[in-house]
Amino acid sequence: MKFTVVTLLPELIEPALTAGVVGRAKQAGTIEVGCVNPRDFTSDKHRTVDDTPYGGGPGMVMKPEPLLAAIAKAGQGHRILLSPSGAPLTQARVQELAKLDHLVLVCGRYEGVDQRVIDSAIDEELSIGDYVLSGGELGALVIIDAVARLVPGVLGEPTSADDESFSAGLLEYPHYTRPVELDGRGVPSVLAGGNHAAIAAWRRLQAMQRTATRRPDLWRRYRASKAETKAFPPLAARTHLALVHHPVVDRVGTVITTALTNFDIHDLARSSMTYGLAAFHLITPVTSQRDKAEHIARLWMGDDQGEHRARALELVRTADAIETVIATLAAEYGQPPTVVATSAKASSFPAAPRRTPAELVAEHALDPRPMLILLGSGWGLADSLIPSVSRILTPIEGAGDWNHLSVRSAGAILLDRLFGRVP
Ligand code: 4FV
């Protein structure tokens, strides 16, 4: 594998590649690294490599002609420009790059590179992160290091490159080595036990836990295997959604009981089913309303013509009060649920810590406790009458301050933000 770095500062590149596995690979000839300096392709006596930007503004731009000549000199290869405007570098991209045989890494200095050089002589722009470097050289070194360690023969053990962070979509589990006690801190006992299945399960759980809490973005994309889902059931599967018809408030803040609606029952049951929830509860103290809900749910459940709604409506349960649902779940799971309220107003439930959907998932992903999410009907949940609430979700924000989503829409949006996967 060959890397050619196009840089005004080759002295930054060469010494960085003398030690460690990459240094050894270079010495052994497994990888080859060369530099081409645009300054060697200047013709004026000052060997000028920069110029002022058209249109004015601060800083200088790299002069196109020496840069183009240097890129040409680098030879045939996949030409990458290091730039904060590039696509973020990922392990998946690194794995693809490792299959190529020559990477030309073009480093900008100053404010950047003339756009026409990018248009005519660059195949791909990559960024190593959302910050600005004084030049692309450190980015080029990052790419060389990440790619080189995947080149066959660079790392000792062929498997040590793959079961690490990102390759599996999870962060790494924590590592320990001797001594068994370090300043009073021990090693998790399972690791010393020699039970390989138990060790593997522990490491997997640690990796999942870390990913859920530290990197909600990765966690959302993670697809657990069947075995993992069995060992660590997803949060959605112990999450219960409830549509509260009492205690809620009307437009002037009076506590009322609302009537249930057919649409809410169907649509929230279907959303609950889609996102893998355990159940959908309708809460009203009015016996005849609960009977009606049960009747509607049973009507559709009885349909045996392959009607998809049947399965969703099997999730429907009714209760006379929030406390009843809490007691039922406590009995079912052996521990009470975390009760999460929702509200369109930022001032509701002032005593409960606020969480974004991602934060709530991070906090509870591997907590075995069930979760109960309360949706209010009418003008919203009567917060002072629901002391069991221990978390409040941040309101859904739209384009402006008009915020009157139907409870069915708000419920669907929240479930997608909590449990929806990213393709
Ligand atoms: C960078 C990054 C980066 C910006 C101006 C080079 C510098 C100068 N490269 N990921 N972030 N590059 O900041 O790759 O031309």
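The values are calculated or read from the model by the stated rules, or taken from the named source; none is laboratory data. A quick note: this is a predicted structure, and the numbers were derived from the prediction, not measured. No Cβ is skipped: glycine too gets one built from the backbone with ideal geometry, and neighbour counts run over all protein chains shown. Just the protein is used for accessible areas: all its heavy atoms, side chains included, with ligands, DNA and RNA removed. Shrake-Rupley method; radii C 1.70, N 1.55, O 1.52, S 1.80 Å.
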Check: the chain dipole with +1 on Lys, Arg Cβ and -1 on Asp, Glu Cβ, in debye: 680 debye
Accessible area per residue in Å² at 1.4 Å probe, computed on region 67-186: 56 Å²
Ellipsoid semi-axes in whole angstrom, largest first, where each is sqrt(5λ) of the Cα gyration tensor of region 35-116: 26, 18, 8
Cβ crowding within 10 Å averaged over residues, with 33-46, 107-120 ranked highest first: 107-120, 33-46
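Roughly to the nearest percent, how much of the accessible area of the chain is carbon and sulfur, given a 1.4 Å probe?
Carbon and sulfur atoms account for 53 percent of the accessible area of the chain.
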Region 257-377 shape via C-alpha gyration tensor axes, a/c threshold 1.5: prolate
Structure-based [θ]222 nm, the chain - -39500 (n - 2.57) summed over DSSP H runs of at least 4, per residue, nearest 500: -10500 deg cm²/dmol
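Under Stokes-Einstein, with the Kirkwood radius over Cα pairs standing in for Rh, what whole-number D in µm²/s applies to region 318-391 at 37 °C and 0.692 mPa s?
Details: Rh = 13.1 Å.
Here the translational diffusion coefficient equals 251 µm²/s.
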Gly112 long-range amide H proximity, modeled H, under 5 Å: Met62
Packing-based ranking, highest mean first, of 341-354, 216-229 given that Cβ atoms within 10 Å are counted: 341-354, 216-229
Nearest 10 degrees, 0 to 90: helix 287-301 Cα axis against the chain principal axis: 60 degrees
Helix axis angle, 262-274 relative to the chain longest principal axis, alpha carbon, degrees: 40 degrees
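If you place +1 on the Cβ of every Lys and Arg and -1 on the Cβ of every Asp and Glu, how big does the dipole about the Cα centre of region 116-240 come out, in debye to the nearest 20?
Working: 15 positive and 16 negative charges, 197 e Å.
My answer is approximately 940 debye.
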Convex hull volume of region 12-83 per residue (C-alpha atoms, cubic angstrom): 148 Å³
Degrees, to the nearest 10: 322-333 long Cα axis against longest axis of the chain: 70 degrees
Computed E for Val187/Arg223 - FRET, C-beta separation, R0 25 angstrom, nearest 0.05: 0.20
Cα lying deepest toward the dipole's positive end in the chain, options Ile373, Pro10, Pro357, charges on Cβ: Ile373
Relative contact order (percent, whole number), region 333-423, Cα cutoff 8 Å, 6+ residue spacing: 44 percent
Probe 1.4 Å, protein heavy atoms only - accessible area per residue of region 288-423 in square angstrom: 52 Å²
Length-normalised contact order for the chain - Cα pairs under 8 Å, 6+ apart - percent: 13 percent
Rg(Cα)/(2.2 N^0.38 Å) for the chain, N = residue count: 1.34
Evaluated over region 184-258, the Cα radius of gyration and Dmax, each in Å: 20.9, 65
Proximal lysine pairs, the chain, alpha carbons under 18 Å, eight or more residues apart or interchain: 6
Mean-position separation - Cα centroids, region 24-93 and region 276-338, in angstrom: 64 Å
